[in-house]
Structures are given as C-alpha cells and as structure tokens.
Amino acid sequence: MAEQPDYQVVVVGAGFGGLGAGIALRRAGIEDFLIIERAGDIGGTWRDNTYPDVAVDLPSFTYQFSFEKNPDWSRVFPKGGEVKAYIDHCAEKYGLWPFIRLNTEMTARTWDEGNHLWRISLREGELTCRYVITALGAFIDPRTPDIPGLADFAGTVLHTAAWDHRHDLSGERVAVIGTGSTAVQLIPKVAKVAGRLTVFQRRAIWVFAKPDLKIPPAVRALFRRLPFTQSVVRAITAVIVELLLAGVIVSGKPGAFVAKRAERAIRAYLRTQVRDPELRRKLTPDYGFGCKRPSVSNTYYRTFTRDHVELVTEGIERITPTGVRARDGREHEVDTLILATGFRLANDPENYRKVPVRGRDGFDLAEFFATEQVQAYEGVSIPRLPNSFFIFGPFSWTGSSWHVMVETQAHHALRVITEARRRGATAAEVTQEANDRFFAFAHRRASRSLLFTNGCESANTYYIDHHGDFSLLRPTTALQAWWSSRRFPLDDYRYRSLPP
C-alpha cells in the first residue's frame, strides 16, 4: 500500500506569496496544508529589509490583495513597517497562524515516484506532502559583492537586508556601494546623519519624482464606508503602473515612444535638482529608460549637492582595512561600509544547488535552469516536476501589482489540485507540449521587448536572465494572465493515479 503524505500541500515561504497561497487553499476548502518558513517571523522581504526609509516604490492602492484592501494606508507610498503590519493583519484575519511553522528550513526536496509524494528534507527531520507550492520571492539571498579586500575591512559592514539598528551612523564616515532602488531610499536618510557620505556608483538609475502624499483622514473614511471607491482607485493606479513598468518594456515600438518621453521628463526633473552639469552627467544613465526598474524619490538627486556627500563613478579597485580605494588611486577613508548590492534572483541555478529539487526520472532543477532556457508553463509548472507549482516563476510577473500575480498563480495551482482530486489522481504534471507552446508564445513576445532595442547592453539589468533572455516579467497584461489562470485547458496537465 502506498505511503500517505504528512500533508496534502506544503507551501514554501511565508511572505506575501506564501500567505496568498495559504488563503487560496483555505478558500478552496483545503485545510490539510503547512506553510514552512526558514526565518523566525513571517513577511519575507518586509521582515528582512528594515533599513532607513524602506518603503514601497509602488502606490499603496495596488500593493495589496484584491480581496483585502486596506482603507487605512497613511500615504501613497507606505513605509516598510506599515506593510509588515498589513502582512500580520492578513495572517491573523485569515486564520493562517495554525498552518505556519517558523524556523523550518528546507534543505532539499525529492519526488517519490513510487508513492506520488514529495519528500522534503529539513534542517531537523523530514516531512512529506502530495503537492508543493514554492512561494519564494523574486529575490532570495543578499548578494555580497566580489570586491578584493572586503573581508579585511576593519570597520563596520552593513547589508541593507540585515540592518543593525543598534549601530549609530551619526558623524561617521560612511560609504554606500550600489545605487539601485534600495540605495535611492537609503542614501538621503544616511546623508542626514553621516559626517561624510561617499556613494560608489557603477551605473546610474532613472529616478522619477515621488508623489508621496499623505492620504487625508476624509479619504480613508470614504474608503471604509464605500469600499468600491478604493477598488476604482486601485484599478486606475494598477493600469498606470503596469503601463509604465511593464507596458513600456514589453510593447516594442509603442514602448520606445513612451520611454523617450519618460527620459525627457526625468532629465528635466534632474535639472531642477542638480545645477552642476558634470554631476548631472554622472547621475544620468547611459542606457535607455525601461532597461532597469526605475525608482522614485524627491530627495535622491538633491542629496548629491550637499557639501559632505560625494559621488564616485571611477569604480572600486579594492577595499582596504580603513576604506575604499577607487580605480583612480584615491582612497576614501570609511568607518561604516553599507552594501546595497542586491540579491540572488529566484531563477538563479545556484539557489537550487544550495537547496536541490529533484523530480521525476532524475530531473534536477538546478541543472535545468543552468543548461536550458528558463521557462515554466504559465509561469507556474515545469515538466518532470509533478505536483509542483511556483508563485513566482519564469514569465509570471506582469510587473504591476505583486499581489495580482500571487492571486493569479495561486488560482492556477488550485485549479490543477482541485481537478486532480476530482479525478482521484495522485500526480498532476504539465505536459511537455503545453510547456513548449507557452514558452514559444512568451519568448517570442519577450524577444520584441524594449530591452533588446533601447541601448540596454550596458545596463546589467536583472530583467535579463543568465541565458540572455527576458524571463523575469510576463510579456502580457495582468488581465491576460488573470484570464489565462481561469481558462487554461486542464488537460494541459497529465493526471496519474497510484495503482490500487
């Protein structure tokens, strides 16, 4: 007789993706599931990232679940603490805490074909389940830069994803390495307290002005009394965000037209913030708008005009025990070094060498991502990985609301699980033909994107994966992805049952 699993479903990760999957499971009437989280609290990136001025860089109206709209956001771009409170609220309201196991780190998972279940190895012990929903975010582990001498630095090193709030930067000589979206938020705050701030920039970033308005109490009261008004605002802002962040990138020639006008608008904004033409030149990207995710700030550009702030663009030769030596030979003395150097992406094969995932007939996910073009059917499933679903997979995110993607992907997974249970099947696996059909569609559309036509070669963008493909975003609208999750043919999966 076949072995029975400990759980029907195990969800890996307790950030927005894992909580959204858990809520979807409960709504589908599935209570036999477990959410495992390697950390000691839920929240994912909003648990880990607590650096100064951490905030959402999308409007709050879109940064929430469609079924759990928060009428009490304090501002258009809420701070990290407010987002974490929303996460905790969702876990509490939807009764997820009994299903969450913290401090539980998966070290490997292996498909047991004889019993049609997954064996999940943990730091301590093992558990089994019929289905796995992987709910890791886009960014997995902090990336430490490969700069000579980093280990020899005698001062304090802080990574933005592991901020030490006990360390006081007041009056210190501080260096920041990196000028991505995190640094755009962090740098103005650090400049207010540091005695001297040196920012090492490898590539400039396009930065919009930030309409970060407080939401008046009267508007919040309106949202509470007439919830449909917030739904309308959410729909409008989602369309705007998707047009700017995804539509421009994936739409080809129309996107190029909009991108050029966005560049002009940002250049004009930069001129109002920085008078020095040489400093403006350094702060202006040498790649087109849309090649990398833009950011928003009202203070970032202006910060570099302060007397005690310096922008270094010569590149880093090495880190010394007392500072950072630039390639022009000048050494900048530093007390605290801040690494704003990003994360390993979810589809990086290294993630699955660290935590192996082995499917049917010897399939190895790390090897697959390393040797084959990154792909997944509808961004959710991969052949030879039965009963396995991604919340964030290749070609899954439309680039607008993360929560729309979570709801869309979870709905896809639940349709398959529900259909397998209806058929009495114990294994559901996407067919190779269905996977190839979707990949051809997505790859064809992604290949026409702005990333390959707008001078993006020098951008070093994470939008482009390690095979040179644009697989981070789904090259469709969120509406098309939502529709597909409800209309994809259920027979695109092969259903099998254990012998009696």
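The values are calculated or read from the model by the stated rules, or taken from the named source; none is laboratory data. Quantities reported herein were computed from a predicted structural model and do not represent experimental measurements. Virtual Cβ from ideal backbone geometry, glycine too; neighbours counted across all protein chains shown. Surface areas here come from the heavy atoms of the whole protein model, side chains and all, with no ligands, DNA or RNA. Shrake-Rupley method; radii C 1.70, N 1.55, O 1.52, S 1.80 Å.
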Next item on the list: Return the only residue of Gly329, Gly323, Gly359, Gly342 being within 15 Å of Thr198 (Cα to Cα) and of a type in the set (Gly, Ala, Ser).
Entry: Gly323
Margin query: Could you go through the range 243-260 and let me know if any residue there is surrounded by 16 or more Cβ atoms within 10 Å (Cβ to Cβ), in contact with a strand residue (DSSP E or B) (Cβ under 8 Å, 6 or more places away or on another chain) and part of a loop (DSSP other than H, G, I, E, B).
Written below: no
Item checked: Of all residues making up the range 199-218, the number that are open to solvent by 50 Å² or more (accessible area, probe 1.4 Å) and over 22 Å from Arg271 (Cα atoms) -> 5
Next item on the list: Evaluate the following for Glu350: is it under 30 Å from Val374 (Cα atoms), assigned to a helix (DSSP H, G or I) and not small (Gly, Ala, Ser)?
Entry: yes
Next item on the list: For the range 409-424, state whether one or more residues are at pLDDT below 90 and of a type in the set (A, V, I, L, M, F, W, C).
Entry: no
Checklist line | Of all residues making up the range 274-298, the number that are open to solvent by 30 Å² or more (accessible area, probe 1.4 Å), in a helix (DSSP H, G or I) and within 15 Å of Thr179 (Cβ to Cβ) | finding: 3
Margin query: Give me the residue from the range 24-40 that is small (Gly, Ala, Ser) and not in a helix (DSSP H, G or I) and, out of that set, farthest from Cys129 (Cα to Cα).
Written below: Gly40
Item checked: Enumeration of residues in the range 136-158 that are open to solvent by 70 Å² or more (accessible area, probe 1.4 Å), of a type outside the set (Phe, Trp, Tyr) and either outside any loop (DSSP other than H, G, I, E, B) or on the phi > 0 side of the Ramachandran plot (or both) -> Ala151, Asp152
Next item on the list: Scan the range 329-347 for residues that are outside any strand (DSSP E or B) and not basic (Lys, Arg) and report the count.
Entry: 8
Item checked: Scan of the range 159-170 for residues that are open to solvent by 10 Å² or more (accessible area, probe 1.4 Å) and within 27 Å of the chain's Cα centre (by Cα), ordered by number -> His159, Ala161, Ala162, Trp163, Asp164, His165
Notebook entry, point to check: Any idea which residue in the range 188-198 is least open to solvent (accessible area, probe 1.4 Å), counting only those that are of a type in the set (A, V, I, L, M) and in contact with a Ser or Thr (Cβ under 6 Å, 6 or more places away or on another chain)?
Noted result: Ala191
Notebook entry, point to check: Does the range 177-231 hold any residues that are under 24 Å from the mean Cα position of the chain (by Cα), of a type in the set (Val, Ile, Thr) and more than 19 Å from Asn460 (Cα to Cα), and which are they?
Noted result: Ile187
Notebook entry, point to check: Residue check: is Glu68 free of Cβ contacts under 8 Å to residues at least 60 places away in the same chain, touching a Lys or Arg at 6+ places or on another chain (Cβ under 8 Å), in a loop (DSSP other than H, G, I, E, B) and open to solvent by 10 Å² or more (accessible area, probe 1.4 Å)?
Noted result: yes
Item checked: Conditions (1) under 26 Å from Ile140 (Cβ atoms); (2) open to solvent by less than 60 Å² (accessible area, probe 1.4 Å): number failed by Tyr301 -> (1)
Margin query: Please determine whether any residue of the range 398-414 is part of a loop (DSSP other than H, G, I, E, B), crowded, with 24+ Cβ neighbours inside 10 Å and out of contact with any helix residue (DSSP H, G or I) (no Cβ under 7 Å at 6 or more places or on another chain).
Written below: no
Next item on the list: Please enumerate the residues belonging to the range 44-65 that are open to solvent by 40 Å² or more (accessible area, probe 1.4 Å) and either out of contact with any helix residue (DSSP H, G or I) (no Cβ under 7 Å at 6 or more places or on another chain) or among the small types (Gly, Ala, Ser) (or both).
Entry: Thr45
Item checked: Condition met for Asp492 (more than 21 Å from Cys129 (Cβ to Cβ), surrounded by 15 or more Cβ atoms within 10 Å (Cβ to Cβ), acidic (Asp, Glu) and touching a helix residue (DSSP H, G or I) at 6+ places or on another chain (Cβ under 6 Å)) -> yes
Next item on the list: Using the structure shown, decide if Thr182 is assigned to a helix (DSSP H, G or I), touching a Phe, Trp or Tyr at 6+ places or on another chain (Cβ under 9 Å), without any contact (Cβ under 8 Å) to a residue 12 or more places away in the chain and surrounded by 14 or more Cβ atoms within 10 Å (Cβ to Cβ).
Entry: no
Check: Residues in the range 7-43 that are open to solvent by 20 Å² or more (accessible area, probe 1.4 Å), more than 18 Å from Ala420 (Cα to Cα) and acidic (Asp, Glu): how many?
Finding: 1
Item checked: Single unsatisfied condition, Glu429 versus (1) closer than 27 Å to Leu58 by Cβ; (2) charged (D, E, K, R); (3) open to solvent by less than 20 Å² (accessible area, probe 1.4 Å) -> (1)
Check: Considering Arg101, Arg173, Arg123, which residue is under 26 Å from the mean Cα position of the chain (by Cα), over 30 Å from Glu68 (Cβ atoms) and open to solvent by 30 Å² or more (accessible area, probe 1.4 Å)?
Finding: Arg123
